[in-house]
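The values are calculated or read from the model by the stated rules, or taken from the named source; none is laboratory data. Note that the coordinates shown come from a computational prediction; the quantities given were computed from them, not determined experimentally. Note that we place each Cβ from the backbone using ideal geometry, even for glycine, and neighbour counts take in every protein chain shown.
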Amino acid sequence: MLVSPSLLSADFANLAKDIEMINNSQADMLHLDVMDGVFVPNISFGFPVIEAVANICRKPLDVHLMIVKPEIWVDRMSKIGVEIMNVHQEACLHLDRTIHAIREAGMKAAVTLNPSTPVGLLEDVIGELDMVLLMSVNPGFGGQKFIDNAVAKTRRLRELIDRTGSKALIEVDGGVNESTGRLLAEAGADILVAGSYIFNAPDPAARILTLKSL
């Protein structure tokens with residue numbers, strides 16, 4: 001299992017320390033939740049933080065844009081050195097165009113689905129994607145309770161990927177811990193995003209290893 005700790009739950013007063021922990025851990029990437037207060041009812045951080053993190057993080061940056069019109073930031077994300085640019089299906093009027101713009105800019109293209117968005121809506125673009133992120137909570141806030149239907153949804157997405165021959169990885173974000181992570185792993189998830197489960201632990205690096213072993 002691949003693990004992408006969520007920066008949203010880190011200590012922003014000691015961000016360099018938490019990122020150094022990530023650098024020295026077995027985490028595979030770092031998940032950055034960017035919120036604009038419009039697409040989701042919260043504001044997190046923007047380019048100054050992303051750029052600062054990029055300067056010291058030695059793991060690939062997995063940037064999840066919970067914002068309107070994410071397509072206008074493709075070039076800037078690429079120049080920062082973001083490896084995975086993740087946009088919401090619900091926020092992109094011309095999703096296919098956005099996916100191609102991300103890949104042409106040299107990044108991996110990922111699309112996120114909210115809990116109420118069916119996986120079938122990705123049928124016509126699944127072959128172009130490097131990753132699909134399924135939200136197992138409603139986006140906007142950390143520390144929420146896991147939505148049980150995410151397990152069955154992960155299975156449906158795995159079936160779609162296998163049927164179409166897509167190479168897309170399945171990432172799941174929201175309420176992930178050892179028990180929910182095990183269910184998601186059994187359902188076919190490839191990457192687990194975890195915030196509070198990791199950063200609120202006495203030994204965050206050990207929690208990362210727990211998830212990797214699933």
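Of note:
- Flag if Asn24 is surrounded by fewer than 17 Cβ atoms within 10 Å (Cβ to Cβ) and either of a type in the set (Phe, Trp, Tyr) or free of Cβ contacts under 8 Å to residues at least 40 places away in the same chain (or both): no
- Residue count for region 156-181, restricted to those that are surrounded by 15 or more Cβ atoms within 10 Å (Cβ to Cβ) and either of a type in the set (Val, Ile, Thr) or under 18 Å from the mean Cα position of the chain (by Cα) (or both): 15
- Filtered by the rule that a residue be in contact with a strand residue (DSSP E or B) (Cβ under 9 Å, 6 or more places away or on another chain) and among the charged types (D, E, K, R), region 117-158 gives Glu128, Asp130, Lys153, Arg158.
- Residues located in region 55-74, provided they are of a type outside the set (A, V, I, L, M) and on the phi < 0 side of the Ramachandran plot: Asn55, Cys57, Arg58, Lys59, Pro60, Asp62, His64, Pro70, Glu71, Trp73
- Output for region 15-74, where each listed residue is under 16 Å from Asn114 (Cα atoms) and of a type in the set (S, T, N, Q): Asn42
- Failed criterion for Leu122 (all others in (1) closer than 26 Å to Glu20 by Cα; (2) crowded, with 18+ Cβ neighbours inside 10 Å; (3) modelled with pLDDT of 95 or more; (4) within 18 Å of the chain's Cα centre (by Cα) hold): (1)
- Checking Asn138 against (1) surrounded by fewer than 20 Cβ atoms within 10 Å (Cβ to Cβ); (2) more than 21 Å from Leu157 (Cα to Cα); (3) free of Cβ contacts under 8 Å to residues at least 40 places away in the same chain, the condition it does not meet: (2)
- Selection within region 163-185 - part of a strand (DSSP E or B) and among the acidic types (Asp, Glu): Glu171, Asp173
- Long-range neighbours under 6 Å by Cβ, at least six apart or interchain, first residue exposed (fewer than 15 other Cβ atoms within 10 Å of the Cβ) within region 75-99, second in a loop (DSSP other than H, G, I, E, B): Asp96/Val125
- Out of Ala201, Ala189, Ala206, one residue alone is in a loop (DSSP other than H, G, I, E, B), closer than 29 Å to Leu15 by Cβ and more than 13 Å from the chain's Cα centre (by Cα). It is Ala201.
- Enumeration of residues in region 188-214 that are at pLDDT 95 or above, closer than 20 Å to Lys145 by Cβ and of a type in the set (Ser, Thr, Tyr): Tyr197, Thr210
- Here Gln26 meets each of (1) more than 18 Å from Gly174 (Cα to Cα); (2) assigned to a strand (DSSP E or B) with one exception, condition (2).
- Hey, Val49 in contact with a Phe, Trp or Tyr (Cβ under 6 Å, 6 or more places away or on another chain), β-branched (Val, Ile, Thr) and surrounded by fewer than 21 Cβ atoms within 10 Å (Cβ to Cβ) or not: no
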